[in-house]
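Structure first, commentary second.
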Amino acid sequence: MELLSGADMIARFLQDEGIEYIYGYPGGAALHIYDALFRQDKVKHILVRHEQAATHAADGYARASGKAGCVLVTSGPGATNAVTGIATAYMDSIPMVVLCGQVASHLIGEDAFQETDIVGVTRPIVKHSFSIRHPSEIPEVLKKAFYLASTGRPGPVVVDIPKDMTAPTERYEYVYPKKVKLRSYNPVTRGHTGQIKKAVEMMLKAKRPVFYTGGGVVTGKASEGLTDLVKQLGYPITTTLMGIGAYPQSDRQCLGWLGMHGSYESNMAMHHADLIIAIGARFDDRVTNSTSKFCPTAKIIHVDVDPSSISKTVRADVPIVGPASSVINEMISLVQGHKIAHPEALTEWWQKVDGWRADREGKLYEPSKPGEALKPQEVIEALCRVTRGEAYVTTDVGQHQMFAAQYYKFDKPNRLITSGGLGTMGFGFPAAMGIKQNYPDDDVVCVTGEGSFQMMMQELSTCKQYGVGVKIVNLNNASLGMVRQWQDLNYKSRHAHSYMESLPDFHMLIEAYGFTAITVTTIDELEPALERAFADKHELVFLDVKVDPFEHVYPMQVPLGAMRDMLLSKTERT
Amino acid sequence: MRHIISILLENEPGALSRVVGLFSQRNFNIETLNVAPTEDPSLSRLTVTTVGDDRVIEQITKHLNKLIDVVKLVDLTEGNHIERELMLVKVKALGSARDEVKRTVDIFRAQIVDVTPSLYTVQITGDAGKLDAFLQAMAPVGILEVARTGVSGIARGDKVLSL
Ligand SMILES: Cc1ncc(C[n+]2csc(CCOP(=O)(O)OP(=O)(O)O)c2C)c(N)n1
Ligand SMILES: [Mg+2]
């Protein structure tokens, strides 16, 4: 029998759970735990410079690896600083366990120093949370936390740990719990066979089908199956922003992604479809535009692990509750050996879809002319070429995010790492840091904007401490571009506080941390600068790319319209 | 439509706040709420009445089911059920009104459980409609205080809500 203090149990549990990195920041209520981590060397603690960055770093790692990220913060301000990152993970269903120090049990409720009811604060943005009430329950609670975070529809779990629970003087028996039992939590393992059969029948009979797949396929590790199924049927597929890469974008059947800034052909195909096969997507308002005008002629098959996602905003004709992977596999076996009922209709449908695609080819944006400011789109296209489309690309939030998603071509899942649901500026850089640490030999690049980068740029110091060689491409338009775009479109170009008046000299800023910065202003400088940036995998390089501040992101759905109602450029609309 | 949803809930600190929080977070409405431990000390039974169309009720039950602390749930209004609420009311009882109140109490099969020279405390059980009717009947006499438990309910027949 092994007797351990609560703090040592936490360190030991993390080892036994196979956690390699934990991101955190110390403080009074967490010090017993920090001491326990110090006295071991299996779990590596990464000291960030702001707790929000700890959650984003763990989140980035979780998105890239499919495993739960882990965070440790102290009580009060440490925990509240983590809130934005917890909400970010929650909105995108990312597995994460956040361990929060708390004031000692006897002080709880007394407004003690650095006391915050963090379980209360985070209640609406966690999958579940626990408060430790006795040190002996630590192994079991932690096991439950990791289990809940990473099964079913994944999400963040908060564990609140009062300081006395980790006191070095109190020791209890430690056994690593191999299994968990939660009587009220039984995530579905497969969909209803009858419903799947019905869905497949509709799929085989469809005349204008479209697959619409989302983050659930990525987190559900169902990309291979999806690719198989879509190829077998020969139907067009569009993904959500979160689902990018689940089906190879370079394949002819892939129409790109859909929604507010999705591709013209995706939105047109959705609008005209007679069958939508939605898998692991949640009919988010940034996808559907006005739900009352959404896809007027389509029947809808909706597969999701989370029953509450089904028929939440758009009614499903064939709901299937189940994990993407097993449902897709069942669909594949049902499709095999069957022919589609209307091959001639499908040919016609493809002619239409290809027509939409051809309509916009070469018209997506106007490349810069010699002497003009660079277009952000051409920067992303060059980035994609230089990294052969194989990098992990994280983004912040704004125009640069949309350009990164539109112009980088992703053939693998988990490669575009972006805050889709919450839209958190500041996410990209720490997320890239978390990924690079776990995938040191891969290219990891953060596409950011000068506004977003300044929200988390303190993490340069963390990258310096741990030698994290991420690349940062700052699409510097000297403005909060996305805000400015909305002001151009809706407020007669009154640019209320969307202009960054006093930007730092990013070159000097980066050099202050001992890193390399390259400023790019012309097209001739662009590719050489990118080549230089990616030459050494282990060096942090920052590209400050001055881009056209007047550029807008298009297509852009017209508010309150249907899927097909889009602005296509500053002068064209559908 | 009005629905009565009964839930078996882990008897854990914070469990109730998750249920209540869900309603406010997602803009669902709570008309009444009633919660107490069951014969199994690890479980509470919570009954909530809410109003919404089919889509909203479907969302409410799905989201409730998603809460880790919710062990089991039933929408009692989907079948035959018994609905009860208990109410304690202090009503003015002066002069001729004293008899008048007593008669009404009898009609409603309520009971007077406490008296003072100027008021009666009445206990009444029934469905929410009956309690409302009683309050309406007492309004002219003068209602001084009302304490209602909120609706509790159970399915008729062999159906049971248990683990
Ligand atoms: C934390 C946070 N605050 C505010 C916003 C609203 N917002 C969305 S995009 C944007 C502008 C981002 O500017 P920048 O990072 O420079 O990117 P750009 O649009 O210029 O490419 C803002 C303020 C947000 N998404 N996140
Ligand atoms: Mg900007």
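Could you check the stretch A:248-346 for strands (runs of 3 or more DSSP E) lying wholly inside it with 3 or more residues that are away from every other protein chain (no Cβ under 14 Å)?
Details: elements: A:254-257, A:275-279, A:299-304, A:318-321.
Counting at least 3 such residues, we get A:254-257, A:275-279, A:299-304.
Collect the residues in the stretch A:402-412 that are open to solvent by 10 Å² or more (accessible area, probe 1.4 Å) and either within 11 Å of ligand 1 (Cβ to nearest atom) or of a type in the set (Phe, Trp, Tyr) (or both), keeping them in residue-number order.
A:MET402, A:TYR407
Give me the residue from the stretch B:39-55 that is among the hydroxyl-bearing types (Ser, Thr, Tyr) and within 14 Å of chain A (Cβ to nearest Cβ) and, out of that set, surrounded by the fewest Cβ atoms within 10 Å (Cβ to Cβ). Let's see the steps before the verdict.
To start, the set of residues in the stretch B:39-55 that are among the hydroxyl-bearing types (Ser, Thr, Tyr) comprises B:42, B:44, B:47, B:49-50.
Right, trim to within 14 Å of chain A (Cβ to nearest Cβ) and you get B:42, B:44.
Numbers: B:SER42: 13, B:SER44: 21.
Looking at the filtered set, the residue picked out is B:SER42.
Conditions: (1) under 30 Å from A:LYS312 (Cα atoms); (2) surrounded by 16 or more Cβ atoms within 10 Å (Cβ to Cβ). B:GLU85 meets all but one. Number of the miss?
(1)
Are any residues in the stretch A:418-442 within 15 Å of ligand 1 (Cβ to nearest atom) and open to solvent by 20 Å² or more (accessible area, probe 1.4 Å), and if so, which ones? Working first, answer last.
Going residue by residue through the stretch A:418-442, those that are within 15 Å of ligand 1 (Cβ to nearest atom) are A:418-432.
Once the filter is applied, which keeps residues that are within 15 Å of ligand 1 (Cβ to nearest atom) and open to solvent by 20 Å² or more (accessible area, probe 1.4 Å), the stretch A:418-442 yields A:GLY420, A:GLY421, A:LEU422, A:GLY423, A:MET425.
With A:ARG39, A:ARG49, A:ARG63 as the choices, which residue is more than 30 Å from A:GLU390 (Cβ to Cβ) and not assigned by TED's automatic domain parsing to the domain that holds A:GLN458? Before you say what the answer is, go through the steps one by one.
On the way: A:ARG49 fails: more than 30 Å from A:GLU390 (Cβ to Cβ); A:ARG63 fails: more than 30 Å from A:GLU390 (Cβ to Cβ).
Answer to the check: A:ARG39.
Please enumerate the residues belonging to the stretch B:8-37 that are within 14 Å of chain A (Cβ to nearest Cβ) and more than 24 Å from A:VAL121 (Cβ to Cβ). So that I can check it myself, show each step before the final result.
To start, the set of residues in the stretch B:8-37 that are within 14 Å of chain A (Cβ to nearest Cβ) comprises B:8-28.
If the condition is that a residue be within 14 Å of chain A (Cβ to nearest Cβ) and more than 24 Å from A:VAL121 (Cβ to Cβ), then B:LEU8 is the only one that fits.
How about the stretch A:1-93: which helices (runs of 4 or more DSSP H) wholly inside it have at least 2 residues that are of a type in the set (D, E, K, R), touching a helix residue (DSSP H, G or I) at 6+ places or on another chain (Cβ under 8 Å) and surrounded by 24 or more Cβ atoms within 10 Å (Cβ to Cβ)?
So the answer is A:51-65.
Out of all the residues in the stretch A:488-502, is one or more in contact (Cβ under 8 Å) with a residue 24 or more places away in the chain, assigned by TED's automatic domain parsing to the domain that holds A:GLN437, within 16 Å of ligand 2 (Cβ to nearest atom) and part of a strand (DSSP E or B)?
Checking the stretch A:488-502: not a single residue is in contact (Cβ under 8 Å) with a residue 24 or more places away in the chain, assigned by TED's automatic domain parsing to the domain that holds A:GLN437, within 16 Å of ligand 2 (Cβ to nearest atom) and part of a strand (DSSP E or B).
Does A:GLU201 count as in a helix (DSSP H, G or I), open to solvent by 40 Å² or more (accessible area, probe 1.4 Å), at pLDDT 95 or above and within 14 Å of chain B (Cβ to nearest Cβ)? Working first, answer last.
Numbers: in a helix (DSSP H, G or I): yes; open to solvent by 40 Å² or more (accessible area, probe 1.4 Å): yes; at pLDDT 95 or above: yes; within 14 Å of chain B (Cβ to nearest Cβ): no.
For A:GLU201, the condition - in a helix (DSSP H, G or I), open to solvent by 40 Å² or more (accessible area, probe 1.4 Å), at pLDDT 95 or above and within 14 Å of chain B (Cβ to nearest Cβ) - is not met.
Please specify each residue of the stretch A:25-49 satisfying the condition of being touching a residue at least 60 places away in the same chain (Cβ under 8 Å) and closer than 14 Å to A:VAL97 by Cβ.
Hit for the stretch A:25-49 is A:ILE33, nothing else.
Among the listed residues A:GLY428, A:GLY434, identify the single one that is touching a helix residue (DSSP H, G or I) at 6+ places or on another chain (Cβ under 8 Å), more than 16 Å from ligand 2 (Cβ to nearest atom) and not assigned by TED's automatic domain parsing to the domain that holds A:GLN253.
Working: A:GLY428 fails: more than 16 Å from ligand 2 (Cβ to nearest atom).
After ruling out the rest, the residue left standing is A:GLY434.
Can you tell which of A:ARG415, A:ARG388 is surrounded by fewer than 19 Cβ atoms within 10 Å (Cβ to Cβ), more than 16 Å from ligand 2 (Cβ to nearest atom) and not assigned by TED's automatic domain parsing to the domain that holds A:LEU229?
Result of the check over A:ARG415, A:ARG388: A:ARG388.
The values are calculated or read from the model by the stated rules, or taken from the named source; none is laboratory data. The shown structure was predicted, so the numbers you read here are calculated from the model rather than taken from an experiment. Cβ coordinates were reconstructed from backbone atoms using ideal geometry, including for glycine residues, and neighbour counts include every protein chain displayed. The accessibility values were calculated without ligands, DNA or RNA, using every heavy atom of the protein model including side chains. Shrake-Rupley method; radii C 1.70, N 1.55, O 1.52, S 1.80 Å.
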